[in-house]
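Before I ask anything, let me first share the structure, which is written out below as structure tokens.
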Amino acid sequence: MSQRPIYLDAHATTPMDQRVLEAMLPYFIESFGNPSTNTHVYGWEASAAVKNAREKIAKIINATPAEIVFTSGATEANNLAIKGVAEAYFNQGKHIITVATEHRAVLDPCAYLATLGFEVTYLPVQSDGLLDLETLLAAIREDTILVSVMAANNEIGVLQPLAEIGAICHQRGVLFHSDAAQAIAKIPLDVSAMNIDLMSLTAHKIYGPKGIGALYVRRRDPKVKLAAQIQGGGQEKGRRSGTLYTPQIVGFAKALEIGESEMETESARLLQLKQQLWSMFESLGGIHLNGNFAQSLHNNLNISIEGVNGSALLLGLQSVVAVSSGSACSAESTAPSHVLTALGRDEKLAQASLRFGLGRFNTPEEIATVGKTAIATIKSLRQANG
Ligand SMILES: *Cc1c(COP(=O)(O)O)cnc(C)c1O
């Protein structure tokens, strides 16, 4: 078999951890019952597994089990949070604040709400991708009902100051939602200490299964009202109907548990790999870091490269490394990434960019190979461009 490229696209998705798969297996064929069924042992087994998973997930983010609503992933969690709050609070105001660099799963529901008469403010970011708190403060109005700011950016990795944003929202009496798809299990997240009212999670970015995630919804101080977006059997206390997907829920909790318990050592290891890769590019020259090296995910490195064409670069690399240019979600379009544009990068540098997403199974040897190949490819493209 020919060798497959080294996988450095952890922001798009991650492979499952073997330990997660093993935790899931009993719930496909043996304990396959419907967790909502309470008349027989099949249902009881599934129900106990879901209860256990819900408790684990809640504990890790310092929430209570009743505050966890299982969804199909972070896209659905974001939709439920934003549309669900808009629909429940429109009597109090129709103004929503978010940020220009958010994921499409936040931006698009906001754009949809704008067509229904809501008003959306898209805050700009500074050149390193961080939100300026004064800008946020100035944007909050009497009729603002929700502020949505992601925890970690999926393209450039920057970590927004969640605790400070939460404190501002709490003080102004505005609900705070955070898309934490990239941040969970990478940095400590405490919904109580950070004053987060709603938080979106997903399993497949943390070595768990695809198709499962959750929305944390605060139940006291304040009790967040939420209009369901999927109606039916009334599961999840009516907040999200549909038969619970037991194996995926068990796998999600297992993935999160592993990620939390290994966070400290893994985070330090990833920072070394990131530094290893960055120092190779730095010595080459003509490379711009997108983001903020210090206040960023340790598994992210996003660079813009002078003197090369972005698609030629990807083509030159694809047999050696699986990597993204800009966001995986906009890979089909040639439009420059909205995140890099928001940093003020010109179109050329925005297009000539690489996003490295390092993961649990990458080694220093792999990073060395990728760095060497990328540098050789950049040099030859620069030479060809004269
Ligand atoms: C991956 C991702 C999503 C979408 O999550 P799914 O579980 O795939 O729906 C949303 N927001 C961010 C920041 C992401 O990285």
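Which ones in the stretch 284-318 are outside any helix (DSSP H, G or I) and free of Cβ contacts under 8 Å to residues at least 12 places away in the same chain?
Correct list: 285, 294.
Kindly establish whether residue 91 is in a loop (DSSP other than H, G, I, E, B), on the phi > 0 side of the Ramachandran plot and either touching a His at 6+ places or on another chain (Cβ under 9 Å) or surrounded by fewer than 18 Cβ atoms within 10 Å (Cβ to Cβ) (or both).
In short, no.
Quick check: anything in the stretch 348-357 of a type in the set (Phe, Trp, Tyr), within 27 Å of residue 259 (Cβ to Cβ) and in contact with a strand residue (DSSP E or B) (Cβ under 7 Å, 6 or more places away or on another chain)?
Yes, there is a match, as at least one residue in the stretch 348-357 is of a type in the set (Phe, Trp, Tyr), within 27 Å of residue 259 (Cβ to Cβ) and in contact with a strand residue (DSSP E or B) (Cβ under 7 Å, 6 or more places away or on another chain).
For the stretch 156-178, does any single residue satisfy the condition of being touching a residue at least 12 places away in the same chain (Cβ under 8 Å), within 11 Å of the ligand (Cβ to nearest atom) and open to solvent by less than 20 Å² (accessible area, probe 1.4 Å)? Steps first, answer last, please.
Going through the stretch 156-178, the residues touching a residue at least 12 places away in the same chain (Cβ under 8 Å) turn out to be 156-170, 172, 174-178.
Checking the rest, the ones that are also within 11 Å of the ligand (Cβ to nearest atom) come to 157, 178.
If we keep only those that are open to solvent by less than 20 Å² (accessible area, probe 1.4 Å) as well, we get 157, 178.
There is at least one residue in the stretch 156-178 that is touching a residue at least 12 places away in the same chain (Cβ under 8 Å), within 11 Å of the ligand (Cβ to nearest atom) and open to solvent by less than 20 Å² (accessible area, probe 1.4 Å).
Now for a separate question. Which residue pairs have Cβ atoms closer than 6 Å, lie 6 or more positions apart in sequence or on different chains, and pair a first residue in the stretch 203-222 that is assigned by TED's automatic domain parsing to the domain that holds residue 64 with a second residue that is acidic (Asp, Glu) and within 13 Å of the ligand (Cβ to nearest atom)?
No pair meets every condition.
Same structure again: One residue is enough: does the stretch 264-282 have a residue meeting the conditions within 22 Å of residue 60 (Cβ to Cβ), within 16 Å of the ligand (Cβ to nearest atom) and surrounded by fewer than 20 Cβ atoms within 10 Å (Cβ to Cβ)?
no
Taking the stretch 134-155 as the search range and keeping residues that are acidic (Asp, Glu) and not in a helix (DSSP H, G or I), which one is most open to solvent (accessible area, probe 1.4 Å)?
Top of the filtered list is 142.
Let me ask another. Considering only helices (runs of 4 or more DSSP H) fully contained in the stretch 1-80, which possess at least 1 residues that are open to solvent by 60 Å² or more (accessible area, probe 1.4 Å), aromatic (Phe, Trp, Tyr) and away from the ligand (no atom under 16 Å from the Cβ)?
Qualifying helices (runs of 4 or more DSSP H): 26-29, 41-60.
Tell me, which residue of the stretch 126-155 that is over 18 Å from the mean Cα position of the chain (by Cα) and acidic (Asp, Glu) is farthest from residue 166 (Cα to Cα)?
My answer is 128.
Next question, about the same structure. Tally up the residues in the stretch 182-222 that are open to solvent by 10 Å² or more (accessible area, probe 1.4 Å), among the small types (Gly, Ala, Ser) and either under 22 Å from residue 97 (Cα atoms) or within 11 Å of the ligand (Cβ to nearest atom) (or both), please.
Selection size over the stretch 182-222: 3.
Among (1) surrounded by 21 or more Cβ atoms within 10 Å (Cβ to Cβ); (2) touching a residue at least 40 places away in the same chain (Cβ under 8 Å); (3) part of a loop (DSSP other than H, G, I, E, B), which single condition is residue 131 missing?
The number of the failed condition is (2).
Every residue, every condition in (1) within 16 Å of the ligand (Cβ to nearest atom); (2) within 29 Å of residue 237 (Cα to Cα); (3) of a type in the set (D, E, K, R), yes or no:
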site: 101; (1), (2), (3): yes, no, no
site: 120; (1), (2), (3): no, no, no
site: 138; (1), (2), (3): no, no, no
site: 150; (1), (2), (3): yes, yes, no
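Limited to the stretch 336-383, what total is found for residues that are among the basic types (Lys, Arg) and buried (at least 20 other Cβ atoms within 10 Å of the Cβ)? I'd like the intermediate steps shown before the answer.
Pass one, the stretch 336-383, residues among the basic types (Lys, Arg): 345, 348, 355, 360, 372, 379, 382.
Filter once more, keeping what is buried (at least 20 other Cβ atoms within 10 Å of the Cβ): 345, 355.
Looking only at that region, the number is 2.
The values are calculated or read from the model by the stated rules, or taken from the named source; none is laboratory data. Quick caveat: nothing in here was measured; it's all calculated off a predicted structure. Cβ: placed from backbone, ideal geometry, glycine included. Neighbour counts: every protein chain shown. Please note that ligands, DNA and RNA were not included when accessible areas were found on the heavy atoms of the full protein model with its side chains. Shrake-Rupley method; radii C 1.70, N 1.55, O 1.52, S 1.80 Å.
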